[in-house]
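First the structure, in the form of C-alpha coordinates, and then the observations on it.
The values are calculated or read from the model by the stated rules, or taken from the named source; none is laboratory data. Quick caveat: nothing in here was measured; it's all calculated off a predicted structure. All Cβ positions, even for glycine, are placed from backbone atoms using ideal geometry, and neighbour counts span all protein chains on display.
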Amino acid sequence: MNPIKHFNERGEFLNVWHCGTCRVVWSDLGMAEQCCDRHCEDCKTILPPTKKHCWTVCDPCRGKREENREVDRFGKAEKIHRANWGGWVFHNDNFYPCVDDLLDVLDCNGDDIPVYAWACKSSPIVNKDCLEHLFHCIEGEAYEDFSVDELAGLPELREAFVVFMSANADRLTYEPDYTKAILLGWVKPLENS
Ligand SMILES: [Zn+2]
Ligand SMILES: [Zn+2]
(Lines give C-alpha, C1' and ligand atoms only; values in the text may rest on other atoms or scores of the structure.)
(Ligands and ions follow the chains in the order given, each with its own letter.)
Protein backbone atom coordinates (compact mmCIF):
# COMPACT_ATOMS: atom_id res chain seq x y z
CA MET A 1 0.00 0.00 0.00
CA ASN A 2 1.31 3.50 -0.84
CA PRO A 3 4.45 2.04 -2.47
CA ILE A 4 7.71 3.91 -1.94
CA LYS A 5 10.33 3.68 -4.74
CA HIS A 6 13.88 2.57 -4.03
CA PHE A 7 16.87 4.34 -5.67
CA ASN A 8 20.58 3.52 -5.64
CA GLU A 9 23.25 6.02 -4.56
CA ARG A 10 23.41 7.44 -8.12
CA GLY A 11 19.72 8.22 -7.95
CA GLU A 12 18.73 5.47 -10.39
CA PHE A 13 15.40 3.80 -9.78
CA LEU A 14 15.89 0.11 -8.89
CA ASN A 15 12.44 -1.18 -9.91
CA VAL A 16 11.91 -2.01 -6.26
CA TRP A 17 9.25 -0.63 -3.93
CA HIS A 18 8.49 -1.01 -0.28
CA CYS A 19 5.03 -0.97 1.15
CA GLY A 20 4.34 2.39 2.79
CA THR A 21 2.38 0.68 5.54
CA CYS A 22 4.37 -2.39 6.60
CA ARG A 23 7.68 -1.68 4.76
CA VAL A 24 7.86 -5.12 3.12
CA VAL A 25 9.92 -4.84 -0.10
CA TRP A 26 8.51 -5.85 -3.49
CA SER A 27 9.98 -6.09 -6.98
CA ASP A 28 6.49 -5.85 -8.49
CA LEU A 29 4.49 -2.62 -8.24
CA GLY A 30 1.14 -4.41 -8.22
CA MET A 31 2.20 -6.54 -5.26
CA ALA A 32 3.55 -3.48 -3.43
CA GLU A 33 0.23 -1.66 -3.98
CA GLN A 34 -1.84 -4.57 -2.71
CA CYS A 35 0.56 -5.56 0.06
CA CYS A 36 -1.55 -4.56 3.08
CA ASP A 37 -4.74 -3.84 1.19
CA ARG A 38 -5.77 -7.11 -0.34
CA HIS A 39 -9.25 -8.39 -1.09
CA CYS A 40 -10.47 -11.81 -2.14
CA GLU A 41 -11.03 -11.92 -5.91
CA ASP A 42 -14.40 -13.60 -5.39
CA CYS A 43 -16.06 -12.18 -2.26
CA LYS A 44 -13.93 -9.03 -1.74
CA THR A 45 -13.32 -9.86 1.90
CA ILE A 46 -10.05 -8.45 3.29
CA LEU A 47 -7.08 -10.84 3.00
CA PRO A 48 -4.09 -10.97 5.35
CA PRO A 49 -0.89 -9.31 4.05
CA THR A 50 0.79 -11.14 1.17
CA LYS A 51 3.79 -12.11 3.26
CA LYS A 52 1.50 -14.30 5.39
CA HIS A 53 -1.00 -15.42 2.76
CA CYS A 54 0.01 -15.54 -0.87
CA TRP A 55 -3.40 -16.61 -2.25
CA THR A 56 -5.50 -14.06 -4.08
CA VAL A 57 -8.70 -15.80 -2.92
CA CYS A 58 -9.84 -16.38 0.69
CA ASP A 59 -9.96 -19.92 2.11
CA PRO A 60 -13.77 -20.42 1.91
CA CYS A 61 -13.84 -19.10 -1.68
CA ARG A 62 -10.93 -21.32 -2.59
CA GLY A 63 -12.93 -24.28 -1.25
CA LYS A 64 -15.88 -23.20 -3.41
CA ARG A 65 -13.67 -22.87 -6.49
CA GLU A 66 -12.32 -26.36 -5.84
CA GLU A 67 -15.89 -27.72 -5.50
CA ASN A 68 -16.95 -26.02 -8.73
CA ARG A 69 -13.93 -27.42 -10.51
CA GLU A 70 -14.85 -30.90 -9.29
CA VAL A 71 -18.47 -30.54 -10.43
CA ASP A 72 -17.27 -29.22 -13.78
CA ARG A 73 -14.78 -32.05 -14.24
CA PHE A 74 -17.38 -34.63 -13.35
CA GLY A 75 -19.87 -33.09 -15.78
CA LYS A 76 -17.38 -33.37 -18.64
CA ALA A 77 -15.89 -36.76 -17.70
CA GLU A 78 -16.66 -40.00 -19.42
CA LYS A 79 -18.74 -42.04 -16.93
CA ILE A 80 -17.69 -45.64 -16.67
CA HIS A 81 -19.60 -48.41 -14.92
CA ARG A 82 -17.41 -49.86 -12.21
CA ALA A 83 -17.76 -53.33 -13.70
CA ASN A 84 -16.01 -52.01 -16.79
CA TRP A 85 -12.97 -50.61 -15.00
CA GLY A 86 -10.12 -52.89 -13.97
CA GLY A 87 -7.51 -50.26 -13.20
CA TRP A 88 -6.47 -48.02 -10.33
CA VAL A 89 -8.82 -45.45 -8.86
CA PHE A 90 -8.32 -42.20 -6.94
CA HIS A 91 -10.56 -41.00 -4.13
CA ASN A 92 -10.01 -38.39 -1.39
CA ASP A 93 -6.31 -37.97 -2.14
CA ASN A 94 -5.66 -41.72 -2.02
CA PHE A 95 -4.87 -44.23 -4.74
CA TYR A 96 -6.30 -47.77 -4.84
CA PRO A 97 -5.23 -50.62 -7.15
CA CYS A 98 -8.85 -51.41 -7.99
CA VAL A 99 -12.43 -50.45 -7.20
CA ASP A 100 -12.87 -53.38 -4.79
CA ASP A 101 -9.91 -52.22 -2.67
CA LEU A 102 -11.44 -48.77 -2.38
CA LEU A 103 -14.82 -50.25 -1.42
CA ASP A 104 -13.14 -52.45 1.22
CA VAL A 105 -11.46 -49.43 2.80
CA LEU A 106 -14.71 -47.44 2.78
CA ASP A 107 -16.48 -50.41 4.34
CA CYS A 108 -13.81 -50.82 7.07
CA ASN A 109 -14.03 -47.11 7.91
CA GLY A 110 -17.82 -47.16 7.89
CA ASP A 111 -17.82 -44.49 5.15
CA ASP A 112 -20.58 -44.09 2.58
CA ILE A 113 -19.83 -45.16 -0.96
CA PRO A 114 -19.29 -42.04 -3.05
CA VAL A 115 -21.09 -41.60 -6.36
CA TYR A 116 -17.82 -41.93 -8.24
CA ALA A 117 -14.06 -42.16 -7.96
CA TRP A 118 -11.60 -40.92 -10.55
CA ALA A 119 -9.84 -43.35 -12.83
CA CYS A 120 -6.05 -43.27 -12.81
CA LYS A 121 -3.61 -43.19 -15.65
CA SER A 122 -0.18 -44.70 -15.36
CA SER A 123 3.18 -43.88 -16.80
CA PRO A 124 6.57 -45.63 -16.52
CA ILE A 125 8.78 -44.33 -13.70
CA VAL A 126 11.84 -44.77 -15.89
CA ASN A 127 11.13 -42.78 -19.04
CA LYS A 128 13.08 -40.85 -21.62
CA ASP A 129 12.73 -37.61 -19.64
CA CYS A 130 14.94 -39.20 -16.95
CA LEU A 131 17.89 -39.19 -19.33
CA GLU A 132 17.22 -35.54 -20.22
CA HIS A 133 17.17 -34.74 -16.47
CA LEU A 134 20.56 -36.41 -16.14
CA PHE A 135 21.89 -34.26 -18.98
CA HIS A 136 20.49 -31.10 -17.37
CA CYS A 137 22.09 -32.15 -14.11
CA ILE A 138 25.48 -32.61 -15.78
CA GLU A 139 25.18 -29.24 -17.52
CA GLY A 140 24.26 -27.69 -14.18
CA GLU A 141 27.49 -29.01 -12.68
CA ALA A 142 29.60 -27.69 -15.57
CA TYR A 143 30.70 -24.21 -16.59
CA GLU A 144 28.50 -21.86 -18.60
CA ASP A 145 27.84 -22.80 -22.25
CA PHE A 146 28.93 -26.40 -21.64
CA SER A 147 26.88 -28.92 -23.60
CA VAL A 148 26.61 -32.65 -22.89
CA ASP A 149 27.12 -33.18 -26.62
CA GLU A 150 30.82 -32.63 -25.91
CA LEU A 151 30.95 -35.78 -23.76
CA ALA A 152 32.21 -39.16 -24.92
CA GLY A 153 30.10 -42.32 -24.94
CA LEU A 154 26.71 -40.70 -25.56
CA PRO A 155 25.51 -43.23 -28.17
CA GLU A 156 26.44 -46.10 -25.81
CA LEU A 157 24.68 -44.39 -22.91
CA ARG A 158 21.52 -43.85 -24.96
CA GLU A 159 21.54 -47.46 -26.10
CA ALA A 160 22.03 -48.73 -22.54
CA PHE A 161 19.28 -46.42 -21.32
CA VAL A 162 16.80 -47.86 -23.82
CA VAL A 163 17.57 -51.33 -22.43
CA PHE A 164 17.22 -50.02 -18.85
CA MET A 165 13.90 -48.37 -19.74
CA SER A 166 12.40 -51.52 -21.22
CA ALA A 167 13.68 -53.64 -18.31
CA ASN A 168 11.65 -51.37 -16.00
CA ALA A 169 8.69 -50.75 -18.27
CA ASP A 170 6.37 -52.42 -15.74
CA ARG A 171 7.33 -50.05 -12.91
CA LEU A 172 4.53 -47.50 -13.06
CA THR A 173 3.45 -44.36 -11.31
CA TYR A 174 -0.20 -43.26 -11.18
CA GLU A 175 -2.04 -39.99 -11.34
CA PRO A 176 -5.76 -39.17 -11.38
CA ASP A 177 -7.35 -39.09 -14.81
CA TYR A 178 -10.00 -36.42 -14.48
CA THR A 179 -11.49 -37.32 -17.84
CA LYS A 180 -12.83 -40.67 -16.56
CA ALA A 181 -15.21 -41.04 -13.62
CA ILE A 182 -15.84 -44.55 -12.32
CA LEU A 183 -19.40 -44.75 -11.04
CA LEU A 184 -19.50 -46.51 -7.66
CA GLY A 185 -22.86 -45.88 -6.12
CA TRP A 186 -25.94 -47.68 -7.30
CA VAL A 187 -25.88 -47.67 -11.07
CA LYS A 188 -28.08 -49.42 -13.58
CA PRO A 189 -26.72 -52.97 -14.10
CA LEU A 190 -24.99 -53.51 -17.42
CA GLU A 191 -27.28 -54.65 -20.24
CA ASN A 192 -25.89 -58.16 -20.61
CA SER A 193 -24.93 -58.87 -17.03
ZN1 LIG B 1 2.41 -3.92 3.47
ZN1 LIG C 1 -13.53 -14.92 -0.66
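Annotations
- Filtering the range 141-150 to residues that are of a type in the set (Gly, Ala, Ser) and either in a strand (DSSP E or B) or in contact with a Phe, Trp or Tyr (Cβ under 8 Å, 6 or more places away or on another chain) (or both) leaves nothing.
- Residue tally, condition in a strand (DSSP E or B), more than 16 Å from Cys54 (Cα to Cα) and not aromatic (Phe, Trp, Tyr), over the range 1-33: 7
- The residues of the range 114-140 that are part of a loop (DSSP other than H, G, I, E, B) and out of contact with any strand residue (DSSP E or B) (no Cβ under 9 Å at 6 or more places or on another chain), listed by number, are Val126, Asn127.
- Taking every residue in the range 33-47 that is without any contact (Cβ under 8 Å) to a residue 60 or more places away in the chain and pairing it with any residue that is among the acidic types (Asp, Glu) and within 11 Å of ligand 2 (Cβ to nearest atom), at least 6 positions away or on another chain, yields no pair with a Cβ-Cβ distance below 7 Å.
Matching residues to (1) outside the structural domain of Glu175 (by TED's automatic domain parsing); (2) away from ligand 2 (no atom under 16 Å from the Cβ); (3) β-branched (Val, Ile, Thr):
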| position | (1), (2), (3) |
| --- | --- |
| Cys36 | yes, yes, no |
| His39 | yes, no, no |
| Asp42 | yes, no, no |
| Ile46 | yes, no, yes |
| Glu66 | yes, no, no |
| Glu70 | yes, yes, no |
| Ala83 | no, yes, no |
| His91 | no, yes, no |
| Cys108 | no, yes, no |
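- Condition met for Glu78 (more than 28 Å from Tyr116 (Cβ to Cβ), among the acidic types (Asp, Glu), more than 16 Å from ligand 2 (Cβ to nearest atom) and loosely packed, with under 13 Cβ neighbours inside 10 Å): no
- Selected residue (criterion: farthest from Asp177 (Cα to Cα)) from residues of the range 74-113 that are in contact with a Ser or Thr (Cβ under 8 Å, 6 or more places away or on another chain) and assigned to a helix (DSSP H, G or I): Ala83
- Filter pass, Val16 being more than 16 Å from ligand 2 (Cβ to nearest atom) and under 28 Å from Thr179 (Cβ atoms): no
- Output for the range 64-84, where each listed residue is within 23 Å of the chain's Cα centre (by Cα) and polar (S, T, N, Q): Asn68
To keep it simple, each residue is scored yes or no on (1) exposed (fewer than 14 other Cβ atoms within 10 Å of the Cβ); (2) without any contact (Cβ under 8 Å) to a residue 40 or more places away in the chain; (3) over 27 Å from Ser166 (Cβ atoms); (4) over 26 Å from the mean Cα position of the chain (by Cα).
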{"site": "Gly86", "(1), (2), (3), (4)": "yes, yes, no, no"}
{"site": "Asp104", "(1), (2), (3), (4)": "yes, yes, yes, yes"}
{"site": "Ala119", "(1), (2), (3), (4)": "no, no, no, no"}
{"site": "Ile125", "(1), (2), (3), (4)": "yes, no, no, no"}
{"site": "Asp129", "(1), (2), (3), (4)": "yes, yes, no, no"}
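- Residues of the range 167-193 that are farther than 15 Å from Tyr96 by Cα, loosely packed, with under 15 Cβ neighbours inside 10 Å and modelled with pLDDT of 95 or more: Ala167, Asn168, Ala169, Asp170, Arg171, Thr179.
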